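The structure under discussion appears below in the form of structure tokens.
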Amino acid sequence: ASMIHGLTIPGAMEVAQRQKGFTKGLFEWLRKAPWSNPTFAGVFISIIGFGFLGGISGVMMGTEQLNMIIHNTIYVPGHFHATVVVGTTLSFMALTYFLIPVLFRREMINPGLAKIQPYLFGFSMYFFCLVMMGAGTLGVSRRHWVMAFAGNALAYEWPGAAYLLMGLVGIGGIVAIVGGGLYLYITVGSLLWGKKLDS
């Protein structure tokens, strides 16, 4: 089902763009897509994140030999963030940008911020997922409050790359939180203070 959605939704976008006259070459429809529209940008970024980051990492985890290596490592939450946060949450964010003017008849406040919010949130989550998966391939375990088991009899010293990747996870997460905060500011603010559109 995910694969069918991953093919039909971009296919529908291509058909719609070609009906608008963007038919020169193989990718004019994509080059001239409405990238400044947060609804389109959010959906497209979520499709790529879900299909590639989530899909490929999920197929890898389904392979027995690889699963024995990365099972119960931080790779697994990296995969889930790609499918749930990038793939699902960002697509619902994009849907909200469509519904506020159409359903609630309110103008978006700060449209400049609305244009960059899907990119800020989506790309920071791409980064977050990738570095988390990278740390997982080094064996960093999940479900532990400290990765080195400091103060325990089974304390373990990870290579510097593992600590670097986990630090980058934190940086990516902070940027994603800023992107999520912008989303809340824009959408809630638009519902409360957005100019009413004519019915």
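The values are calculated or read from the model by the stated rules, or taken from the named source; none is laboratory data. Remember, predicted model here, so these are calculated numbers, not experimental data. Every residue, glycine as well, gets a Cβ built from its backbone with ideal geometry; the counts of neighbours run over all protein chains shown. With ligands, DNA and RNA removed, areas are computed over all heavy atoms of the protein, side chains included. Shrake-Rupley method; radii C 1.70, N 1.55, O 1.52, S 1.80 Å.
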Among Leu26, Ala12, Leu90, the residue whose Cα sits farthest towards the positive end of the charge dipole of the range 1-95 (+1 at Cβ of Lys and Arg, -1 at Cβ of Asp and Glu, taken about the Cα centre) is Leu26
For the range 40-55, in residue order, the Karplus 3J(HN,Hα) values (coefficients 6.51, -1.76, 1.60; θ = phi - 60°; whole Hz; Gly and Pro = x) are 5, 4, x, 5, 5, 4, 5, 5, 5, x, 5, x, 8, 5, x, x
The answer for trypsin sites (Lys or Arg not before Pro) in the range 95-197 that fall in a DSSP coil and have at most 11 neighbouring Cβ atoms within 10 Å is Arg143, Lys195
Tilt, helix 111-137 to longest principal axis of the chain (alpha-carbon atoms), in degrees rounded to tens, equals 20 degrees
At the level of C-alpha centres, the distance separating the range 1-75 and the range 89-153, in angstrom, is 16 Å
Residue span Arg143 to Leu26: 0.36 nm per residue of separation minus Cα-Cα distance leaves a gain in nm of 37.5 nm
Summing -39500 (n - 2.57) over every DSSP H run of at least 4 in the chain, dividing by its residue total and rounding to the nearest 500, the 222 nm mean residue ellipticity is -20500 deg cm²/dmol
Per principal axis, largest first, the Cα atoms of the range 24-97 extend in Å by 46, 32, 12
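About the Cα centre, and with charges only on the beta carbon of Lys, Arg (+1) and Asp, Glu (-1), how big is the dipole of the chain? Nearest 20 debye, please. It would help to have the intermediate numbers written out before the result.
Values: 12 positive and 6 negative charges, 138 e Å.
About 660 debye.
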Relative to the compact-globule estimate 2.2 N^0.38 Å (N residues), the Cα gyration radius of the range 121-199 stands at a ratio of 1.65
Of Met61, Met133, Met125, the most mobile residue in a GNM of the chain (C-alpha springs, cutoff 10 Å) is Met61
Restricting to lysines and to Cα separations under 27 Å from Lys32, and discarding same-chain partners fewer than 8 apart, the set is Lys20, Lys24, Lys115
Candidate cut points under trypsin sites (Lys or Arg not before Pro) in the range 11-77, DSSP loop plus at most 16 other Cβ atoms within 10 Å of their own Cβ, are Lys20, Lys24, Lys32
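Once the Cβ-Cβ distance between Val178 and Val59 is put in as r, and R0 is 22 Å, what FRET efficiency do you end up with, to the nearest 0.05?
E(calc), rounded to 0.05, equals 0.10.
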Expected unfolding gain across Asn67-Ser36 under the 0.36 nm per residue rule, minus the alpha-carbon gap, is 7.2 nm
With DSSP loop assignment and no more than 16 other C-beta atoms within 10 Å, the chymotrypsin sites (Phe, Trp or Tyr not before Pro) in the range 1-50 are Phe27, Trp35
Eigenvalues of the alpha-carbon gyration tensor of the chain, times 5 and square-rooted, give semi-axes in Å, largest first, of 37, 22, 13
Taking a probe of 1.4 Å and leaving out DNA, RNA and ligands, the range 82-196 shows per residue an accessible area in Å² of 54 Å²
Excluding ligands, DNA and RNA, the carbon-plus-sulfur percentage of the accessible area of the range 1-137 with a 1.4 Å probe reads 73 percent
Taking GluC sites (Glu not before Pro) as exposed when in a DSSP loop with at most 14 other Cβ atoms inside 10 Å, the chain has its longest clean stretch at 1-106
The summed charge of the Lys196 Cβ neighbourhood (under 15 Å; Lys/Arg +1, Asp/Glu -1) stands at +1
